[in-house]
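Peer 1: First the structure, then my questions, so here it is.
Every number in this text was worked out from the coordinates using simple rules, so none of it is lab data. Here the structure is a predicted model, which means the values were calculated and not measured. Here the Cβ positions follow ideal geometry from the backbone for every residue, glycine too, while neighbour counts run over all protein chains shown.
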Amino acid sequence: MGSLKIKENIETLNKNKLGDFYRVPGLKFDINRLRSDLEKILQKKEFNTLGIKCFGAISLNQIPGDKFSTEGHNVRGTYWTIPDETGKEEERDKPIEESEYTELVSEFKGTYFEEVYNTLKKHFKLGRVRILLKEPRSTLSWHRDPEPRLHIPIITNYGCRMVIEDVSKHMPADGSVTITNNTKYHNFFNGGEQPRIHLVACILENPFH
């Protein structure tokens, strides 16, 4: 599908009230090329875990000229969670200036990830774009984020599910693009026996409003 049709679909996305999972029509990438170039990237870069069990992240983009913007807590960012039985919401980590992340990290230049990144930038206002790892038989916390997220699953299994409030969905690794309403409470669990790896982008214009 051409760029004009994709633009029309995204305009429709912005005008209409959506469910919390929106599979973008007309936008699809080559899953085999993503997997092949992921292997090459993992030979050069390791997942940043922040010391968190079962989690990892590699940043595709950075603040121009600032390699430290892809390190430490910059790979996670602020979120809100309900950690215990009191039901009180708590803020965690630190705010991120998402709009400043506009430069592709050098290791991704010349890879298929660069093509994917440039295509996404034509259609969406992006913040950080990361490769996120969820280890087997593990889950994220119950939390909400400042903005929606765009997912392109690269490696997954049927036991990988995202739960937004009371709805659970599996996103297949077929090159498709799904936007999820992370401004609501949600988590992600990997109930399989292999790692789950997604390309995940922060979307700075909220289509769910």
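Peer 1: Quote the charge dipole size of the chain about the Cα centre in Debye, to the nearest 20; the model charges only the Cβ of Lys and Arg (+1) and of Asp and Glu (-1).
Peer 2: Details: 31 positive and 30 negative charges, 114 e Å.
It comes to approximately 540 debye.
Peer 1: Turning to a different aspect of this structure: Going toward the positive end of the dipole of region 50-187, with +1 on Lys and Arg Cβ and -1 on Asp and Glu Cβ, which of L133, G175, S99 do you reach last?
Peer 2: Value: G175.
Peer 1: Something else about it: Taking H placed 1.01 Å from N in the peptide plane, check which residues at least 5 places from E103 or on another chain put their amide H under 5 Å from its amide H.
Peer 2: Q62
Peer 1: Using DSSP to define loop residues, name the GluC sites (Glu not before Pro) in region 76-111 whose beta-carbon has at most 13 other beta-carbon atoms within 10 Å.
Peer 2: Details: sites: E85, E89, E90, E91, E97, E98, E100, E103, E107; in loops: E85, E89, E97.
Here the GluC sites (Glu not before Pro) that fit, given the DSSP loop and packing criteria, are E85, E89, E97.
Peer 1: Under the rule a/c < 1.5 gives rounded, and otherwise a/b versus b/c splits prolate from oblate, where does region 106-171 land using the Cα gyration tensor? Write down the numbers at each step before the final one.
Peer 2: Numbers: a/c = 2.22, a/b = 1.58, b/c = 1.41.
Prolate, because a/c is 1.5 or more and a/b exceeds b/c.
Peer 1: Turning to a different aspect of this structure: Hey, any idea what the orientation-averaged projected area of the convex hull of region 75-197's Cα atoms comes to, in nm²?
Peer 2: Numbers: hull surface 33.4 nm².
The number I arrive at for region 75-197 is 8.3 nm².
Peer 1: Divide by every residue of the chain the summed helix terms, -39500 (n - 2.57) for each DSSP H run of at least 4, and state the resulting mean residue ellipticity at 222 nm, rounded to the nearest 500 deg cm²/dmol.
Peer 2: -6000 deg cm²/dmol
Peer 1: Still on this structure, I have one more. Tally Lys and Arg at +1 and Asp and Glu at -1 over the other residues with C-beta under 14 Å from the C-beta of T81: what net charge comes out? Please report the intermediate quantities before stating the final value.
Peer 2: Values: positive: R76, K88, R92, R144, K184; negative: D84, E85, E89, E90, E91, D93, D145.
Here the count lands on -2.
Peer 1: Can you give the Kirkwood hydrodynamic radius of the chain from its Cα pairs, in Å with one decimal? Let's see the in-between values first.
Peer 2: Working: mean 1/r = 0.0572 Å⁻¹.
Kirkwood radius, the chain: 17.5 Å.
Peer 1: Along region 176-184, what does the Karplus equation 6.51 cos²θ - 1.76 cosθ + 1.60 (θ = phi - 60°) give for ³J(HN,Hα), rounded to whole Hz, x for Gly and Pro?
Peer 2: 6, 10, 10, 9, 10, 8, 6, 6, 8
Peer 1: If you don't mind, another one. Are there any trypsin sites (Lys or Arg not before Pro) in region 19-63 that are in a DSSP loop and have at most 13 other Cβ atoms within 10 Å? List them by number.
Peer 2: On the way: sites: R23, K28, R33, R35, K40, K44, K45, K53; in loops: K45, K53.
Loop-located and lightly packed - K53.
Peer 1: Grab the Cα-Cα distance for I52 and E114, subtract it from 0.36 nm times how many residues apart they are, and report the gain in nm with one decimal. Numbers along the way, then the final one.
Peer 2: Details: separation 62, 0.36 × 62 = 22.32 nm, distance 2.80 nm.
Using 0.36 nm per residue and subtracting the Cα-Cα distance, I get 19.5 nm.
Peer 1: Filter K45/K169; K28/K53; K67/K94; K28/K169; K67/K122; K40/K94 down to the pairs with a C-alpha to C-alpha distance above 27 Å, please. Display every interim value, and only then the final one.
Peer 2: Details: K45/K169 30 Å; K28/K53 32 Å; K67/K94 18 Å; K28/K169 19 Å; K67/K122 24 Å; K40/K94 31 Å.
Beyond 27 Å between Cα atoms: K45/K169; K28/K53; K40/K94.
Peer 1: Another one. Pop out the ³J(HN,Hα) list for region 97-103 in order, Karplus 6.51 cos²θ - 1.76 cosθ + 1.60 with θ = phi - 60°, rounded to Hz; leave Gly and Pro as x.
Peer 2: For region 97-103, the Karplus-derived couplings read 7, 4, 5, 7, 8, 10, 10 Hz, x marking Gly and Pro.
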